[in-house]
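Notes for the one structure printed next.
The values are calculated or read from the model by the stated rules, or taken from the named source; none is laboratory data. This one's a predicted model, so the numbers in the text were calculated from it and none came from an experiment. We place every Cβ from the backbone using ideal geometry, glycine too, and count neighbours over all the protein chains shown. The accessibility values were calculated without ligands, DNA or RNA, using every heavy atom of the protein model including side chains. Shrake-Rupley method; radii C 1.70, N 1.55, O 1.52, S 1.80 Å.
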Amino acid sequence: MLLNLSDVFASQGKIIQGNEPIAITKFVQGDLTYPVMEQTNLAFVFTNNGVGKAVITGKASVTFRGSCDRCLRETKISVDLDFIREICSPEVDEPDTIEDQADFMEGYYLNIENLVNNEILMNWPAKILCSNNCKGICKICGKDQNTGNCECDTFVPDPRMAKIKDIFNANKEV
C-alpha cells in the first residue's frame with residue numbers, strides 16, 4: 001500500500017496519524033519462508049520537522065510460524081516493531097537519508113509493505129528457539145532431548161590431550 005506524504009512534506013508542523021493493516025502474508029529470509037500467523041495494524045504518526053523533512057513513528061506486532069534452531073519443533077516467532085525513521089522529500093539534497101529510504105520511498109509515496117519488511121528484517125531474532133532452555137536434538141541418534149535423554153555416548157575428548165593419549169596408547173602391553 002502506498003501513502004501520499006506530500007501534505008506532510010509541504011506543511012510546517014503538519015501531523016498525520018493513522019492505523020493501516022499490514023498486507024504481508026510471509027517473510028522470506030535467505031531460502032527460508034516464514035508464514036504470518038497473526039499481525040496487528042501498523043499504528044503510525046507522520047510529523048513534519050522542516051522543509052521537505054518528516055519523521056515516521058510506528059508500532060506493530062507480527063507473529064510468524066517457523067522451526068526452532070535447536071530441536072526443529074514448530075514454534076511461534078514474535079517480532080515487535082517500534083521504530084522512528086527520518087524521511088525526506090525528493091527535492092531535499094541529503095544523499096545519506098535518500099539512500100536509507102530508497103527501499104520504501106517512491107517519490108512522495110511511502111510503501112508501507114516495504115517499510116514493514118525492512119523493520120522486520122532489522123528486528124529478526126538471531127536464533128529462533130522454542131524456549132530459552134531448549135536442549136536440542138541428540139547429535140548421534142536425533143532424539144529430541146526436551147522429551148527425555150537418550151542413552152548415546154556424547155563424550156568428546158579434549159583435542160589438546162590427543163598427543164598424551166597417543167603416548168599412553170603406544171606404551172600399553174597387549
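Values for this structure:
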read-out: Assigned charges on the beta-carbon of Lys, Arg, Asp, Glu; region 127-174 dipole about Cα centre (debye); value: 220 debye
read-out: Relative contact order of the chain, pairs being alpha-carbon contacts under 8 Å that are 6 or more residues apart, as %; value: 19 percent
read-out: Between helix 112-123 and the chain: long-axis angle, C-alpha atoms, 0 to 90°, nearest 10; value: 30 degrees
read-out: Amide H partners (placed H, <5 Å) of E106, local residues excluded; value: N111
read-out: Full-extension gain in nm, S131 to Q12, via 0.36 nm per residue minus C-alpha separation; value: 38.0 nm
read-out: Residue-normalised accessible area of the chain, given per residue in Å² at a 1.4 Å probe; value: 66 Å²
read-out: Positive-end residue of L110, A60, N132, charge dipole of region 60-134 with Cβ unit charges; value: N132
read-out: Modelled label reach - L32, point 7 Å along Cα→Cβ, region 128-146 residues with backbone N closer than 18 Å; value: 128-138
read-out: Using a Förster distance of 22 Å, the FRET efficiency for N171-K139 (Cβ separation, nearest 0.05); value: 0.10
read-out: Region 60-157 - charge dipole about Cα centre, Lys and Arg +1 at Cβ, Asp and Glu -1, debye rounded to 20; value: 1220 debye
read-out: Ranked order, D144, D80, D158 - accessible area, probe 1.4 Å, largest first; value: D80, D158, D144
read-out: Gaussian network model of the chain, Cα within-10 Å springs - most flexible of M122, M37, M161; value: M161
read-out: Candidates K59, K76, K135, ranked by Gaussian network fluctuation over the chain, Cα under 10 Å, top entry; value: K135
read-out: About the Cα centre, charge dipole magnitude for the chain (Lys/Arg +1, Asp/Glu -1 at Cβ), debye; value: 1080 debye
read-out: Extension gain, L2 back to L72 (0.36 nm per residue minus Cα-Cα distance, nm); value: 21.4 nm
read-out: Within the accessible area of the chain (1.4 Å probe), percent carbon and sulfur; value: 50 percent
read-out: Solvent-accessible area of E113 with every protein chain in place, 1.4 Å probe, in Å² to the nearest 10; value: 40 Å²
read-out: Cut-off 17 Å (backbone N to label point 7 Å along Cα→Cβ of L121), residues of region 26-70; value: 26-34
read-out: Separation between Cα centres of region 1-53 and region 134-174, rounded to whole Å; value: 53 Å
